[in-house]
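The values are calculated or read from the model by the stated rules, or taken from the named source; none is laboratory data. Because the structure is a prediction, the values reported are computed rather than measured. Every residue, glycine as well, gets a Cβ built from its backbone with ideal geometry; the counts of neighbours run over all protein chains shown.
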Amino acid sequence: MQTTTDVQKNRVHYKQIAQISGLSVATISRIFTGRAKVAEDTKDKVVKALAALGIDDGLFRIKENQRGGLLVFNIPSFGNPFYAKIMSGAKSAATQRGWQLLVNEEHINDSTIDNFILLLQKVRAAGLVTANHVPPAQLQRIAKTIPLVQCCEFDRAFDIPYVSIDDSMATRSAMEYLISLGRRNIGFVNGPIRYKYARERLQGYRESMEKSGLPMDPTLVIQLPEISYNLAVSALTNIFNTGKRPDAFFCASDILAAAVIKVCARYGLKVPKDVAVIGFDNVDISFMSSPTITTISQPEFQLGFSACELLIERVTNGEAPLHNIVLDTELIVRESSQQFTT
């Protein structure tokens, strides 16, 4: 006769219990590790499945769901100020609910996934939020290991809950504003294309140009390997050295917009008279810059708060229905794109 301990130590029994009970393997795992609040009918299904497998249901005990445990929030970079308010929101949500929050900076890929999962196990993480680009294979592996919520970045191909914005729509609102100012030769400075936000902002840029019947010059689309002020300055300098002078730039980050303003000054171009500039994120540099930067404001604090709240819901109630949250953005007009009049 097998005991509950045997079930917990042997993953194959989770699969057998799932097959008999009609529950998912992930739900079975959360029940035995204490990461789920278990409804009575769910408990009955598990007890019956244990009995069918010859496991002593008299020894079956469902642990009390964890309180005040540890959650992990994974981000790609501490160097990008965009993530600061997200972390603040997540920390606030965790603290209010009596949980600890560990922030992890790491790219998740083939070479790092084993160590990353080992980290989650070592710290006994109850759940994970990732604001990172995670390749599909690694995303699936993590989701089978631990309750998971995606923040900002997400993959629609999987039933993994997420909290994010509509990057394409936000970009179109910025582009429509630039075009309404009479700007026609508009460049685009983008971040790493592996990220969802970069792909969707590029899509929004292209759709706006096509809808307005404006020609797109591929040499004015700068695709950077990371959000870097210095890399953006170098790439923009190369463009300006060819003699090309766009009359506007839309940028996937306020950091990149600040780089545009810097390069324009080097070449004696005035912002916004000669070149209008719009950034994205509404981080501190957008209102510290001179001129101040027109930008798309994301609700960073709410993104982090909602993602952490959603994760706690998943951890404490494994039967909770999956749902996604898409938050609104706002175009904030400042000096870098104000209508210039002579």
**Prompt:** From the list 206, 183, 194, which one is assigned by TED's automatic domain parsing to the domain that holds residue 258, in contact with a His (Cβ under 8 Å, 6 or more places away or on another chain) and either more than 12 Å from residue 252 (Cβ to Cβ) or of a type in the set (Val, Ile, Thr) (or both)?
**Reply:** 194
**Request:** Taking the residues in the stretch 304-342 that are of a type in the set (Val, Ile, Thr) and part of a loop (DSSP other than H, G, I, E, B) as candidates, determine which candidate is modelled with the lowest pLDDT.
**Result:** 342
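Listed here are the residues, each with its yes/no results for (1) among the small types (Gly, Ala, Ser); (2) within 21 Å of residue 305 (Cα to Cα).
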| residue | (1), (2) |
| --- | --- |
| 109 | no, no |
| 115 | no, no |
| 122 | no, no |
| 125 | yes, yes |
| 130 | no, yes |
| 137 | yes, no |
| 141 | no, no |
**One residue from 7, 12, 46 being modelled with pLDDT under 65 and closer than 26 Å to residue 312 by Cα** = 7
**Message:** Here is a list: 137, 90, 94. Which entry is modelled with pLDDT of 95 or more, within 15 Å of the chain's Cα centre (by Cα), among the small types (Gly, Ala, Ser) and over 25 Å from residue 43 (Cα atoms)?
**Reply:** 90
**Request:** State which residue is modelled with the lowest pLDDT when the search covers only the stretch 59-83 and only residues that are surrounded by fewer than 17 Cβ atoms within 10 Å (Cβ to Cβ) and under 20 Å from residue 285 (Cα atoms).
**Result:** 79
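One line per residue, one yes/no per condition, for (1) of a type outside the set (S, T, N, Q); (2) over 27 Å from residue 294 (Cβ atoms); (3) part of a strand (DSSP E or B):
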| residue | (1), (2), (3) |
| --- | --- |
| 73 | yes, yes, yes |
| 77 | no, no, no |
| 88 | no, no, no |
| 92 | no, yes, no |
| 137 | yes, yes, no |
| 144 | yes, yes, no |
**Asked** Counting only residues that are without any contact (Cβ under 8 Å) to a residue 60 or more places away in the chain and over 22 Å from the mean Cα position of the chain (by Cα), which one in the stretch 275-293 is farthest from residue 337 (Cα to Cα)?
**Response** 288
